[in-house]
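Here the structure is laid out as structure tokens; the discussion comes afterwards.
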Amino acid sequence: KAIETYTEQTANAAAVALRQQLNEWRDAYYTADQPTVEDHVYDEQYRDLQTLEAAFPAIITADSPTQQVGGAVLPQFTKVTHRLPMLSMGDVFSEAELADFMARLAKNTGREIAYSTELKIDGLAISLVYENGQFVRGATRGNGTIGEDITKNLKTIDSIPQTLTRPVSLEVRGECYMPRAAFAALNQRREAAGQANFANPRNAAAGSLRQLDAKITKQRQLATWLYTVVEPEQFELTTQTEALAFMRELGFQVNPATTLSHDLADIQDFIATYQAQRDQLPYDIDGVVLKVDDLALQTALGNTVKVPRWEIAYKFPPEEAKTVIRDIEWTV
Ligand code: NAD
């Protein structure tokens, strides 16, 4: 229904209904790790809610999914308060919207902006804290402010260094994911044992990390790509590109498919390359992320209640037909 046909009252009623449906889906996805609808179905309804709220700001409620990060923190885990919030990310679904985002930032800052262009890994965000080079605590994003302490589980993941190459104290963040081969093998084992399949690698990874028994996590063959240094100024890092190189030096897994883009054409090339290669990668991606490379400019731009203003995700179109082909490839 066209936005012009709404009054504040009818928009409010529609928003209440959309929020109720979205919150049910969010509970299934974030809290139970068992989504009940495909992501693009969720994304479309979320967009409808955003459109209504943008046209009638008075109807926005603090508990709207557009104002909230992630889901509930499970009571069986110790709570961890993040030093800085772990936020969500704005998204766009077309190159035209991406161009608008870039044009707006260029206009607002009066600068030519270089972007660290990265793959959007389809896993779940983790925070890792090191003291004097030793891994001491790891957590989920949770509701963005408070996460779940999953240190024991993260210690079973081979690609997470227990000791860094230098005795530094820092927090890094990134994505924990389940490689496709591990996902296919896991579902085969589950089928053989008469258990229900996991819907996709993202939810299998989330379910595997949020286990009380770390032995189960260990069997799941999870992997990581790190992409954020928290408080990078401590290390005199000035760009995201430097932060990625620094994490690599410290011994973290940093995704090699990252580039510094100077304009829309560079970014369009990157998107085309990885959209075409998407099925050949050994892990799932659901888009491409653009981040203002200059860390001081990131700080100056800041965040909304939910997302940083200096980054955006370009989401790939849904790929239902391809998923079937891929599952066959991995299960035969
Ligand atoms: P998001 O997953 O779209 O974006 C933020 C996240 O991207 C970060 O937390 C991080 O984990 C991840 N990420 C991956 N690669 C990254 C990189 N290179 N740099 C930085 N971050 C990177 O945001 P969200 O708020 O967690 O979730 C919204 C998404 O979850 C939507 O895509 C939606 O479809 C899906 N969802 C689906 C359902 C459902 O029922 N199917 C319900 C809720 C949410």
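FYI, it's all coordinate maths here, none of it is from the lab. This structure is a prediction, so every number in the text was calculated from the model and none was measured. Here the Cβ is made from the backbone with ideal geometry for all residues, glycine too, and neighbour counts use every protein chain on show.
Using r as the Cβ-Cβ distance of Ala276 and Gln195, and R0 as 45 Å, what FRET efficiency do you calculate, to the nearest 0.05? Efficiency computed from Cβ-Cβ geometry: 0.80.
Spin-label model, Glu24 to Ser169: label points 7 Å out along the Cα-to-beta-carbon direction sit 4.9 nm apart. Modelled spin-label separation between Asp213 and Gln162, with each label point placed 7 Å from Cα along the Cα-to-Cβ direction: 2.2 nm.
Note on the chain: dipole from Cβ charges, positive end direction compared against Phe316, Ala257, Pro282; the farthest Cα belongs to Pro282. Which residues among the range 275-314 fall inside the zone where the amide N is under 12 Å from a point 7 Å beyond the Cα of Arg111, along Cα→Cβ? The answer is 292-302, 310.
Diagonalising the gyration tensor over the Cα atoms of the range 3-67 and scaling each eigenvalue by 5 before taking the square root yields semi-axes of 23, 12, 9 Å, largest first.
A crude spin-label estimate for the pair Gln76 and Glu38, with each label 7 Å from Cα along the Cβ direction, gives 3.2 nm. Put a plus charge on the Cβ of each Lys and Arg, a minus charge on the Cβ of each Asp and Glu, and nothing anywhere else: the dipole of the range 3-67 about its Cα centre is then about 180 debye. Each principal axis of the chain carries a Cα extent, and these read 56, 52, 40 Å when sorted largest first.
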